Amino acid sequence: MTSAPNHLQQSNGNKFNAVKSLYSILALIVLLISLNSVDCIGQAVPEDVQIQIIAGRKYYVHTVGRGETLYAIAKKYGVEVKDIVLENPLSINGLKLGQSIKIPVPIKVVSTKALDGRFFYHQVQPGETFYALSRQYSVSVESIKLANPEMVVGLKANTTIRIPVSKKIQEDNADIGSPGFADNSEHSETDADTSGSVMGPLEGGRSDTLMLDSPEQKDTILLRDVYHIALMLPFYLDINDSINKRRKLGDEESVFKRSNVALEFYEGARIAIDSMHRQKFAARVYVYDTENDTAVVKRIIKKPEMKRMDLIIGPLYRSNLNYVVDFAKKHGIEMVSPLITTNRILNSYPNLSKVKPCVQTSVKKLADYVFENYISVKAIGHETNHLVIIHNGDPGEKLLANLFLQTLTESTEQPNDPIAPDSYRDGSGVVEELKLEYKIIDYSDREMEAVEEALSIADSNIIIVPSRDQVFVSKLIAKLYAKDKSYGMEVFGLPVWKFFGNLESNQLHKLHVHIPSPTFINYEDAAVKKMTLKYSKKYNRYPSRYAFEGFDVLYYYLNVLKQYGHQFQSFLPEIRWPSLQSEYTFEMVGANSGYENTRVFILEYEDYQLVNKTPRTN
């Protein structure tokens, strides 16, 4: 089977070699993450194998091929030899070519911690009996019947029943730890595509079919032995091939600049895939070059394998994503947008989730932070904090300014409930009435003259600048910096400021500039160090932010597939798992719409570097 290239190196020339490798296998790279353990769950079982329910139990029906042994078949299906012999007693005497044998489908159990610790919730399959379920879950028939008194006429297909968790399963699951990062130092480091996991296994197990007992109706968990995943990225392989053909002898090798985002994202994704390989997750990952061309994207979604996908990651750009999300919705395929920020892509697409919060969400989170740290009675010096909002007359900036004030107003309104939250109580526990006072300045009117009239000499000025205009922001920051000795100021901006290259670091430091951001990389974190080491060994350079994006997105969503199956979207708001540069806190944006990651970090320039002021929750 065709596999992806293992090394994408440091220089442009080495990057170009990686692009050539990608191009040489066209736009499709198929990675089969195979499992080596005989007794592991999720073995890469052949797709064309038959599954039958016999006496209420699921079996693979295998036809013996030439030279096959019991050991080889057991390894192929992820069972033990004794399991095959117990179901096929005559096989102990040897196998015959063309013989059909029954192989029990391994029982995959959800951790009791994932539920309430007392019951599994099992969706009855056609032909299943109480006896078969008692064998499957290691409990007595009587225990199942007692847990389901309403089942007076027997089992009915597609209904959900409670099955008591046996003592054996409780003991087996008792040592499952909380999500975290594993130190896989016991694994030897090689150049092969099997490097150790960066992050450890997540909490929870697996089940063939599971209905969660929850006040909110959830979809059925449907797990597969092998998942099909499409990764759609703009590598621009044809352009890079053209550049290579035009290159003269002695010319430095180069890669098309716009390929870098996709290449670096892909490199990080490969590290995540390696980690999941270590955790015995089986998937076929198909990598397509979209070329950022809608015509190419349309051709890709017509490929026959696309209908079989369980998850599509990408495309990176909105113009291409619009075509794919319609296709995915039609065929019941979950989708992820890793880089697009606008929430408009989520409207009417409940199968779509996006990793980046929109600017409106960032502004709301910024308002929450300002309230808790500067306006709430619990905030130090809240009586002397003076709020000033500055925009440049742009309609978009005015909307964001109004959204900030609206969110802040909602926070400062005293609740009618006599049990008021701590943010409304002073040190003695008395509820204080909060009054929001602020000034809004249109900089385009009288520029700094209007700003100075609004600033307070005696108080601390909390200045909000909801602008994405780089020219305006750099000009305003320079003007405010010139007044730093006359006024006490803390400035709050937008996520895009992090990428404004013309902002002076000493000015940002002096003005205590704060920026909301969907990501924050702590390079002192052990897992980040481990990822950086693995990446640098594999690709001979340090990972970029896009490499971290690729790792985080693939690691998170592959784990979601592993734990929740291929119809996972409705579970996203409940899932809290760690990542390297982000956290995932999903919320549905509207009825019959998709899910937005709403986690935002508030970063402040301290000692000429960005420091996270909102500690991680995971």
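The values are calculated or read from the model by the stated rules, or taken from the named source; none is laboratory data. Keep in mind that what you see is a predicted model, and the values were worked out from it rather than measured. Cβ placement follows ideal geometry from the backbone for every residue including glycine, while neighbour counts extend to all protein chains displayed. Accessible surface is based on the protein model in full, side chains and every heavy atom, while ligands, DNA and RNA are left aside. Shrake-Rupley method; radii C 1.70, N 1.55, O 1.52, S 1.80 Å.
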Which of the residues spanning the stretch 473-485 are modelled with pLDDT of 90 or more and open to solvent by 30 Å² or more (accessible area, probe 1.4 Å)?
475, 478, 479, 481, 482, 483
Exactly one of (1) in contact with a strand residue (DSSP E or B) (Cβ under 7 Å, 6 or more places away or on another chain); (2) surrounded by fewer than 16 Cβ atoms within 10 Å (Cβ to Cβ) is unmet by residue 513. Its number?
(2)
If you check every pair at least six apart or on different chains, which have Cβ atoms under 9 Å apart with a residue in the stretch 317-328 that is touching a residue at least 60 places away in the same chain (Cβ under 8 Å) first and a residue that is among the small types (Gly, Ala, Ser) second?
320/314; 324/230; 324/314
Checking residue 479 against (1) out of contact with any Lys or Arg (no Cβ under 7 Å at 6 or more places or on another chain); (2) farther than 30 Å from residue 311 by Cα; (3) in a strand (DSSP E or B), which test does it fail?
(3)
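So, in the stretch 571-595, exactly how many residues are part of a strand (DSSP E or B) and under 11 Å from the mean Cα position of the chain (by Cα)? Please lay out each step first, then the result.
Of the residues in the stretch 571-595, the ones part of a strand (DSSP E or B) are 586-588, 595.
Checking the rest, the ones that are also under 11 Å from the mean Cα position of the chain (by Cα) come to 586.
Residues meeting the conditions: 1.
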Which of (1) in a helix (DSSP H, G or I); (2) modelled with pLDDT of 95 or more; (3) among the aliphatic types (A, V, I, L, M) is the odd one out, the single condition residue 528 does not satisfy?
(2)
Considering the stretch 596-618 alone, what residues qualify as being open to solvent by 80 Å² or more (accessible area, probe 1.4 Å) and either part of a strand (DSSP E or B) or touching a Gly at 6+ places or on another chain (Cβ under 8 Å) (or both)?
609
Residue among 439, 435 that alone is of a type outside the set (A, V, I, L, M), open to solvent by 70 Å² or more (accessible area, probe 1.4 Å) and either modelled with pLDDT under 90 or under 20 Å from residue 605 (Cα atoms) (or both)
435
What's the number of the condition residue 367 fails, among (1) without any contact (Cβ under 8 Å) to a residue 12 or more places away in the chain; (2) in a helix (DSSP H, G or I); (3) of a type in the set (A, V, I, L, M)?
(1)
Within the stretch 54-73, the residues that are in a helix (DSSP H, G or I), open to solvent by less than 10 Å² (accessible area, probe 1.4 Å) and modelled with pLDDT under 85 are none
Any residue in the stretch 268-286 that is in contact with a Leu (Cβ under 9 Å, 6 or more places away or on another chain), open to solvent by 30 Å² or more (accessible area, probe 1.4 Å), within 24 Å of residue 356 (Cβ to Cβ) and touching a residue at least 60 places away in the same chain (Cβ under 8 Å)?
no
Consider the stretch 485-533. How many of its residues are β-branched (Val, Ile, Thr) and over 16 Å from residue 470 (Cα atoms)?
4
Condition first: within 28 Å of residue 228 (Cβ to Cβ), of a type in the set (A, V, I, L, M) and either without any contact (Cβ under 8 Å) to a residue 60 or more places away in the chain or assigned to a loop (DSSP other than H, G, I, E, B) (or both). Can you find one or more residues in the stretch 539-555 that meet it?
no
If you take the residues of the stretch 523-538 that are touching a Phe, Trp or Tyr at 6+ places or on another chain (Cβ under 8 Å) and touching a residue at least 60 places away in the same chain (Cβ under 8 Å), which of them is most open to solvent (accessible area, probe 1.4 Å)?
526
Does any residue in the stretch 295-314 that is over 25 Å from residue 221 (Cβ atoms) come within less than 7 Å, Cβ to Cβ, of a residue that is open to solvent by 30 Å² or more (accessible area, probe 1.4 Å) six or more places away or on a different chain, and which pairs are these?
297/323; 298/323; 301/323
Inspect the stretch 244-252 for any residue being open to solvent by less than 30 Å² (accessible area, probe 1.4 Å) and modelled with pLDDT of 50 or more and give the result as yes or no.
no
Only strands (runs of 3 or more DSSP E) wholly contained in the stretch 219-317 count here; list those with 3 or more residues that are closer than 20 Å to residue 331 by Cβ and more than 17 Å from the chain's Cα centre (by Cα).
283-289
Checked 125, 99 against criteria (within 23 Å of residue 51 (Cβ to Cβ), among the polar types (S, T, N, Q) and at pLDDT 80 or above); the one match is 99
Within the bounds of the stretch 216-237, is there any residue that is at pLDDT 80 or above, touching a strand residue (DSSP E or B) at 6+ places or on another chain (Cβ under 8 Å) and open to solvent by 50 Å² or more (accessible area, probe 1.4 Å)?
yes
